[in-house]
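The values are calculated or read from the model by the stated rules, or taken from the named source; none is laboratory data. The structure displayed is predicted, hence computed values, not measured ones. In this analysis, Cβ positions are derived from the backbone assuming ideal geometry, glycine residues included, and neighbour counts consider all displayed protein chains.
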């Protein structure tokens, strides 16, 4: 393979563990939507992506969002499309869910619940962490 | 009487607690934007808000509640208002204090 050509093996070697941490509620600020945009753009680069939802970020995944009366875009269905972009590792903070009276059934996508210790371990494993 | 509005999540800053601590009996609090998360059941702030409702009126802006998908989690005793209701509340009270 020539130097100029796209080198699949070398590229494979550059895969990094990339974590996006979502800590803000949707709609009140632009962070949740911007994070989702970054994740979707980043998905084109075939990295090992994990998404974490903690603190008010767990509200991003709440079922039954209906933004009609506020005339804002309901972007919650987009979380269901993440799977098609090979973004399949979704983690949710158990403590954040409990504090808010939420359970896995309240969320629009399947997630793995982690406690703070497990979450800390997962963060430790990452190459890059981007928090919104 | 004052109409207090809260637009921040109680998990994010202390607007809710500060506001409730400065509410005279008979005054009103309207939860808007991320403030609606303060008015939900089985949650960290449910007891504080339920307790406050003994002598203050608590309202929530329904479009903001629905946008966040938490309409079914609303605490008993909180009244919902639409945008026109928000205007009515503003007019009915002497002044509005926005706890940003």
For this session: Being out of contact with any helix residue (DSSP H, G or I) (no Cβ under 7 Å at 6 or more places or on another chain) and within 23 Å of residue A:27 (Cα to Cα) is the filter; apply it to region B:38-61 and report the residue that is nearest to the other protein chains (Cβ to nearest Cβ).
Result: B:42
Exercise. Would it be correct to say that residue A:113 is outside any helix (DSSP H, G or I) and more than 13 Å from the chain's Cα centre (by Cα)?
Worked result: yes
For this session: With the condition kept exactly as written, say whether any residue in region A:73-85 is at pLDDT below 95, in contact with a helix residue (DSSP H, G or I) (Cβ under 6 Å, 6 or more places away or on another chain) and more than 24 Å from residue B:75 (Cα to Cα).
Result: yes
For this session: Give, as residue ranges, the helices (runs of 4 or more DSSP H) completely inside region A:5-103 that count at least 2 residues that are surrounded by fewer than 15 Cβ atoms within 10 Å (Cβ to Cβ).
Result: A:8-12, A:31-42, A:77-81
For this session: Might you let me know whether region A:38-48 holds any residue that is modelled with pLDDT of 95 or more, over 19 Å from residue A:17 (Cβ atoms) and touching a strand residue (DSSP E or B) at 6+ places or on another chain (Cβ under 9 Å)?
Result: no
Problem set entry | Positions within region B:81-100 being assigned to a strand (DSSP E or B), surrounded by fewer than 17 Cβ atoms within 10 Å (Cβ to Cβ) and touching a helix residue (DSSP H, G or I) at 6+ places or on another chain (Cβ under 7 Å), in sequence order | B:96
